[in-house]
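The values are calculated or read from the model by the stated rules, or taken from the named source; none is laboratory data. Quick caveat: nothing in here was measured; it's all calculated off a predicted structure. Glycine gets a Cβ as well: all are built from the backbone with ideal geometry, and neighbour counts include every protein chain shown. Accessible surface is based on the protein model in full, side chains and every heavy atom, while ligands, DNA and RNA are left aside. Shrake-Rupley method; radii C 1.70, N 1.55, O 1.52, S 1.80 Å.
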Amino acid sequence: MDYEHSDLVLPTAYKIVVAGGFGVGKTTMVGSVSEIQPFFTEELLTDASLGVDDVSGVEAKTTTTVALDFGRIRISQDMMLYLFGTPGQDRFLFIWDELVEGAIGAVVVADTRRLEDSFTSIDYFERMGVPFIVAVNCFDGTRVYATDEVKAALNLDPGVPVRHCDARKRDSVKEVLVTLLEHLLTLRAVAA
Ligand SMILES: Nc1nc2c(ncn2[C@@H]2O[C@H](COP(=O)(O)OP(=O)(O)OP(=O)(O)O)[C@@H](O)[C@H]2O)c(=O)[nH]1
Ligand SMILES: [Mg+2]
């Protein structure tokens with residue numbers, strides 16, 4: 001057989017978690033950036049969720065993630081990212097430990113109309129020692145807050161990057177992932 005082995009570059013795969021509160025755009029984010037057909041576990045929001053799931057701000061929402069989202073993107077010749085989106089509701093928190101196992105970092109997606117919903121994710125990653133950044137998903141018509149304001153409101157360590165994005169746009173989400181990778185490299189440099 002005539003393989004050109006020297007041309008063959010197998011990328012290393014890394015696991016990234018996409019977390020955040022209910023309805024902030026995690027599934028949208030994984031879906032818009034994935035190069036493979038993403039895997040979603042969406043279930044219809046039923047009457048049972050009335051009074052439990054706060055859809056204010058995302059009234060058009062009809063489904064919710066009950067287990068995970070999965071997508072994949074090749075960032076460079078030698079780097080592949082596997083994206084695992086979490087369910088947004090606290091009642092599915094029991095899945096998180098397995099979802100986060102082996103992850104090199106996380107993106108906490110935030111909606112500035114409901115910033116307090118980010119605390120569950122932020123507390124979780126701080127407790128588990130998983131490096132993360134915050135991606136503010138800029139929904140149409142909502143006020144845009146400066147990253148410093150978001151940082152202060154979330155009481156974040158000054159070193160944690162915050163950036164705005166549009167979860168529906170592939171390039172925007174790619175920039176979020178690159179920001180996370182740069183943050184990981186900075187942390188590694190500091191630790192060395
Ligand atoms: N206008 C606008 N709508 C968005 C954006 N991102 C998501 N949406 C909509 O907001 C709703 C919530 O999006 P999802 O991606 O399902 O949110 P999620 O965080 O995965 O939700 P859960 O899994 O239920 O926690 C959907 O109706 C999306 O179409 C955005 O950037 N702008
Ligand atoms: Mg979801």
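For Lys15, the residues whose modelled amide H falls within less than 5 Å of its own, excluding neighbours fewer than 5 places apart on the same chain, are Tyr82, Ile104.
Once fully extended, how much extra length lies between Asp97 and Leu8, figured as 0.36 nm per residue of separation less the alpha-carbon to alpha-carbon distance? Can you show the working numbers first?
Values: separation 89, 0.36 × 89 = 32.04 nm, distance 3.49 nm.
Working it through step by step, the gained length comes to 28.5 nm.
Note on Asp78 and Ile36: with the Förster distance fixed at 22 Å, the Cβ-Cβ geometry gives a FRET efficiency of about 0.75.
When the accessible area of the chain is computed with all protein chains present and a 1.4 Å probe, what percentage of it is carbon and sulfur?
Numbers: 5600 of 10340 Å².
Carbon-and-sulfur percentage of accessible area, whole number: 54.
Counting DSSP beta bridges in the chain, what percent are antiparallel, to the nearest 5? Around 35 percent antiparallel, to the nearest 5. Qualifying trypsin sites (Lys or Arg not before Pro) in region 108-192, where qualification requires a DSSP coil assignment and no more than 10 other C-beta atoms within 10 Å, comprise Arg143.
What is the calculated FRET efficiency for Glu43 to Val190, with r their C-beta to C-beta distance and R₀ = 30 Å, to the nearest 0.05?
In this case the efficiency is close to 0.10.
Taking all Cα pairs closer than 8 Å and separated by 6 or more residues, the relative contact order of region 20-191 comes to 24 percent. Once the GluC sites (Glu not before Pro) in DSSP loops with at most 15 neighbouring Cβ atoms within 10 Å are cut out of the chain, the longest remaining piece is 102-192. With each label modelled as a point 7 angstrom along the Cα→C-beta vector, the Thr142-Lys169 pair spans 1.6 nm.
Accessible surface computed residue by residue for the chain, with neighbouring protein chains in place and a 1.4 Å probe, gives 54 Å² per residue.
In region 21-100, which trypsin sites (Lys or Arg not before Pro) fall in coil by DSSP and have 16 or fewer other Cβ atoms within 10 Å? Can you show the working numbers first?
Working: sites: Lys26, Lys61, Arg72, Arg74, Arg91; in loops: Lys61.
Those that pass, being in a loop and sparsely packed, are Lys61.
Shown in residue order for region 98-108 are the 3J(HN,Hα) couplings computed by the Karplus curve 6.51 cos²θ - 1.76 cosθ + 1.60 at θ = phi - 60°: 6, 5, 8, 3, x, 6, 8, x, 9, 10, 9 Hz (x for Gly and Pro).
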